[in-house]
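Step one of this worksheet: look at the structure below.
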Amino acid sequence: MPQCGGDLLGYFVPHEGTNNTAFGLISFNSLADYERYRAKLRQSELGAANFQFAKTNKFIIAEKRTFLQAVASTYKQEPEGEQHVSCNI
């Protein structure tokens, strides 16, 4: 929920392979910002409705959290060279 904080990087759903795993990536400046986000999310009517909808429709089978750190020299970098070829992964 963007209203609660964080920078939504995107949702990623299966295209090929395992079809019961999806990812929602949200970026935070710090663990403290993440904790504030979680507190706001718990108090949000929209957050509660969203969670109930997901639970009712069995969208969430298991929830796991992993904290990642970007490799600064690679994060949000423009491709090098004059030509850029798009590829779908």
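Of the options [x] 3, 10, 15, 21, 19, 13, 10, 6, 3, 1; [y] 3, 14, 25, 24, 15, 8, 5, 3, 2, 1, 0; [z] 2, 12, 13, 14, 15, 13, 9, 7, 6, 4, 2, 1, 0, only one is P(r) over Cα pairs in 5 Å bins from 0, in percent as computed from these coordinates, and that is [x]. The residues of the chain have, on average, 95 Å² of accessible surface per residue, using a 1.4 Å probe with all protein chains present.
Along the axis of the charge dipole computed for the chain (Cβ charges of +1 for Lys and Arg, -1 for Asp and Glu, origin at the Cα centre), the listed residues A39, Q77, T21 are led at the positive end by A39. About its Cα centre, the dipole of the chain is roughly 620 debye, where the only charges are +1 on Lys and Arg Cβ and -1 on Asp and Glu Cβ.
The values are calculated or read from the model by the stated rules, or taken from the named source; none is laboratory data. Small disclaimer: the values here were computed from a predicted structure and weren't measured. For neighbour counting, all protein chains shown are included, and Cβ atoms are generated from backbone atoms with ideal geometry for every residue, glycine included. Note: areas computed on protein heavy atoms with side chains; ligands, DNA, RNA excluded. Shrake-Rupley method; radii C 1.70, N 1.55, O 1.52, S 1.80 Å.
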